[in-house]
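Participant: Provided herewith is a single structure, encoded as structure tokens, for subsequent inquiry.
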Amino acid sequence: MASPDFRPYVDLTIYDKQPGDLYDEAVDYASTALPEFSPRTGTVEDALLQATSYVGGQLIAAINRLPDGLMDGIMNLFGLVRKEASFATGTAIFTAVDSAGANIPTGTQVGYIETTSSGTILHVFETIEPATITAGNTTSSQVDIQAVTTGSVPSLVVDDPLIILTQTNRLLSAKIGADVTQGLAAETDAEYFTRGATFLSGLTQGLVTSTQITNRVLSLLAGTSTPDNDFTGVTLSTGWRCNVYDLTDLTVVEPTGNFVRSSGTVTVTVPSGHGIGVNDEIQVSTPDSTSAFDGYFTVTSSNATDISWAQSGTNASATAVNSYIYHLDGMDTAAADAAGNATIVICDEHGDSLKSADFTTIVNDVTDRTVAGLTINYMPAMIVPISCSIDIVIKAGYSSFEVLAAVEEYIESVVSPANWDWASEVKANLIIARVSQVEGVDYVDSVTFDSPTSAIASLSAGNIVFPYKGTLPQLTATIGEA
């Protein structure tokens, strides 16, 4: 695909010297430096100057093409592809002079005469596959044809007559068998730039899709779109994880009273209208500090002002400062779509949450860039510790200790907050496939998951299933030799 001529915007023709010009300048320079120098045709010195001038000319031509190629590449990255010339295509039906049969070779040409105010135009097509009119028949089946030149042709439809242009004594006539698909003329530089300018001017900073929001958040956390001091607790060099779920509503409740634990039950005062009911799942999180009340729980009691859940530990209470309760029902993978909502889930490569102020910074930035009517929710990623036993058979000649250690390190890295792909299930077959790739492993004999102790994961058909969106696993693997 030819690159557009970008010289009207960046004109480098001043450097567009030919090899002959470079040779003449090289001779002049050499004569200045060495007055006695006088190159003669056929000498080594002359051959070197000519070769150097030729290479220099090639480099200049390549450099001059850079703006054109870069322009074309940038527009392709934006999804704007230059329209290339194409041929009109269709089918034709041929009629023979009799029923004795006939061969129609590839390249048989037919034409259509278009009458315009300025005269007549002959549009030529040719067959692109061989065809045969069998004995006993006078007409062929539909034969694919293609225009011999690129560009548009008249809008030919079924049964429009064609003229047979290739000399033959077996074919009587031809007609269009199926409507012709138009060809395109190559887009000129001016047309390409006009279309490109219109395309770029139509781009917006508004965030609409989950992918756009995800990329925006990650760019913020990478420090590429905002100064470092916009965040209070973010190490911008740390690998951050983010996933955005479309059509997902999440209720975040800020307690108005203390957490009180008594006889294995925790009770906290919350605003009225919180919407959290008995048997609902919640996440309690204190992103600015570590709290003994943080975790995932099933609500055992709920009224207009208080909710309670079972949680082991000594009787205690704590001030609910910067603590949040996330109502996980909206994050259920089976929940109905919640139009007008999107939920951002963030953690760092270790599974740790953002500071609350940093969450606010990100949500404010994203909200300012999203379309009107879209509600942005946020929560820290839910980290679920899981464990499994993996028995492998090691190839002969490999150290058992080294292979076992390599398998453990590799699989725990794959199934971790840093690298998990946000899938809602950790399958034993995936573990088998990944471990089998480790050098020294002959095959995997068995993979057995332990039942998760977390309320937001379960063991089903030998696999670990996460019922809620925004969940990342942290695997601890025990590797053995079968």
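Participant: For the range 103-133, name all the residues that are among the hydroxyl-bearing types (Ser, Thr, Tyr), farther than 22 Å from SER86 by Cβ and surrounded by 12 or more Cβ atoms within 10 Å (Cβ to Cβ).
Facilitator: The answer is THR132, and nothing else.
Participant: Of all residues in the range 133-146, count the ones that are more than 12 Å from THR108 (Cβ to Cβ) and either hydroxyl-bearing (Ser, Thr, Tyr) or at pLDDT 95 or above (or both).
Facilitator: 4
Here is a yes/no grid of residues against (1) surrounded by 12 or more Cβ atoms within 10 Å (Cβ to Cβ); (2) closer than 16 Å to ALA61 by Cα; (3) modelled with pLDDT under 80; (4) touching a Ser or Thr at 6+ places or on another chain (Cβ under 7 Å):
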residue: SER3; (1), (2), (3), (4): yes, yes, yes, no
residue: PHE6; (1), (2), (3), (4): yes, yes, yes, no
residue: ILE14; (1), (2), (3), (4): no, yes, yes, no
residue: PRO19; (1), (2), (3), (4): yes, yes, no, yes
residue: LEU22; (1), (2), (3), (4): yes, yes, no, yes
residue: VAL27; (1), (2), (3), (4): yes, no, no, no
residue: THR32; (1), (2), (3), (4): no, no, no, no
residue: PRO35; (1), (2), (3), (4): no, no, no, no
residue: GLY42; (1), (2), (3), (4): no, no, no, no
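Participant: Every residue in the range 186-198 that is more than 18 Å from PRO67 (Cα to Cα), at pLDDT 75 or above and of a type outside the set (D, E, K, R), please.
Facilitator: Result: ALA186, single match.
Participant: Further, regarding this structure: Report yes if THR232 is outside the structural domain of ASP421 (by TED's automatic domain parsing), at pLDDT below 95, closer than 16 Å to ALA320 by Cβ and surrounded by fewer than 16 Cβ atoms within 10 Å (Cβ to Cβ), otherwise no.
Facilitator: Criteria not met by THR232.
Participant: Restricting to the range 416-457, what's the tally of residues that are closer than 26 Å to ASP348 by Cβ, hydroxyl-bearing (Ser, Thr, Tyr) and within 32 Å of the chain's Cα centre (by Cα)?
Facilitator: Residues that pass the stated criteria total 2.
Participant: Look through the range 307-366, keep the residues that are in contact with a strand residue (DSSP E or B) (Cβ under 6 Å, 6 or more places away or on another chain) and of a type in the set (Val, Ile, Thr), and return whichever of them is surrounded by the fewest Cβ atoms within 10 Å (Cβ to Cβ).
Facilitator: In this case the residue turns out to be VAL363.
Participant: Continuing with the same structure: Among the residues of the range 262-272, are any in contact with a Pro (Cβ under 7 Å, 6 or more places away or on another chain), outside the structural domain of ASN419 (by TED's automatic domain parsing) and polar (S, T, N, Q)?
Facilitator: Within the range 262-272, one or more residues are in contact with a Pro (Cβ under 7 Å, 6 or more places away or on another chain), outside the structural domain of ASN419 (by TED's automatic domain parsing) and polar (S, T, N, Q).
Participant: I need every pair where a residue in the range 254-274 that is β-branched (Val, Ile, Thr) has its Cβ under 6 Å from the Cβ of a residue that is surrounded by 12 or more Cβ atoms within 10 Å (Cβ to Cβ) and assigned to a loop (DSSP other than H, G, I, E, B), sequence separation at least 6 or different chains.
Facilitator: Hits for this filter: VAL266/GLN311; VAL268/PRO255; THR269/THR256; THR269/GLY257; THR269/THR305; VAL270/PRO255.
Participant: Turning to a different aspect of this structure: So which residues in the range 158-196 are assigned to a loop (DSSP other than H, G, I, E, B) and small (Gly, Ala, Ser)?
Facilitator: GLY183, ALA185, ALA186
Participant: Continuing with the same structure: Just to check your reading of the model, which residue among SER301, SER312 is assigned to a strand (DSSP E or B), farther than 19 Å from ASN377 by Cα and small (Gly, Ala, Ser)?
Facilitator: Going through SER301, SER312 in turn, the sole match is SER301.
Participant: If you scan the range 312-333, which residues turn out to be farther than 18 Å from VAL270 by Cα and either of a type in the set (Val, Ile, Thr) or touching a Phe, Trp or Tyr at 6+ places or on another chain (Cβ under 7 Å) (or both)?
Facilitator: Within the range 312-333, THR314, MET331, ASP332, THR333 meet the criteria.
Participant: Take the residues in the range 450-471 that are under 19 Å from ALA335 (Cβ atoms) and not small (Gly, Ala, Ser); name whichever of them is surrounded by the fewest Cβ atoms within 10 Å (Cβ to Cβ).
Facilitator: This residue is VAL465.
Participant: How many of the residues in the range 147-157 are part of a strand (DSSP E or B) and buried (at least 16 other Cβ atoms within 10 Å of the Cβ)?
Facilitator: Residues in the range 147-157 being part of a strand (DSSP E or B) and buried (at least 16 other Cβ atoms within 10 Å of the Cβ): 1 in total.
Matching residues to (1) out of contact with any Pro (no Cβ under 6 Å at 6 or more places or on another chain); (2) outside any loop (DSSP other than H, G, I, E, B); (3) not hydroxyl-bearing (Ser, Thr, Tyr):
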residue	(1), (2), (3)
ASP329	yes, yes, yes
ALA334	yes, no, yes
GLY351	no, no, yes
THR360	yes, yes, no
ASP365	yes, yes, yes
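Participant: Also, I was wondering about something else. Go through the range 84-126 and report how many residues are part of a loop (DSSP other than H, G, I, E, B), more than 30 Å from GLU191 (Cβ to Cβ) and either of a type outside the set (D, E, K, R) or without any contact (Cβ under 8 Å) to a residue 40 or more places away in the chain (or both).
Facilitator: 8
Participant: Look through ALA357, ALA418, ALA455 and report the one residue that is over 30 Å from THR211 (Cβ atoms), touching a residue at least 60 places away in the same chain (Cβ under 8 Å) and of a type in the set (Gly, Ala, Ser).
Facilitator: ALA455
Participant: When you look at ALA197, is it in contact (Cβ under 8 Å) with a residue 12 or more places away in the chain and not assigned by TED's automatic domain parsing to the domain that holds GLY69, yes or no?
Facilitator: No.
Participant: Only one residue in ALA428, ALA423, ALA418, ALA461 is out of contact with any helix residue (DSSP H, G or I) (no Cβ under 7 Å at 6 or more places or on another chain), modelled with pLDDT under 95 and of a type in the set (A, V, I, L, M, F, W, C), so which one is that?
Facilitator: Being out of contact with any helix residue (DSSP H, G or I) (no Cβ under 7 Å at 6 or more places or on another chain), modelled with pLDDT under 95 and of a type in the set (A, V, I, L, M, F, W, C) holds for just one of ALA428, ALA423, ALA418, ALA461, which is ALA418.
The values are calculated or read from the model by the stated rules, or taken from the named source; none is laboratory data. What you are looking at is a predicted structure, and each value in this text was computed from that prediction instead of being measured. Cβ: placed from backbone, ideal geometry, glycine included. Neighbour counts: every protein chain shown.
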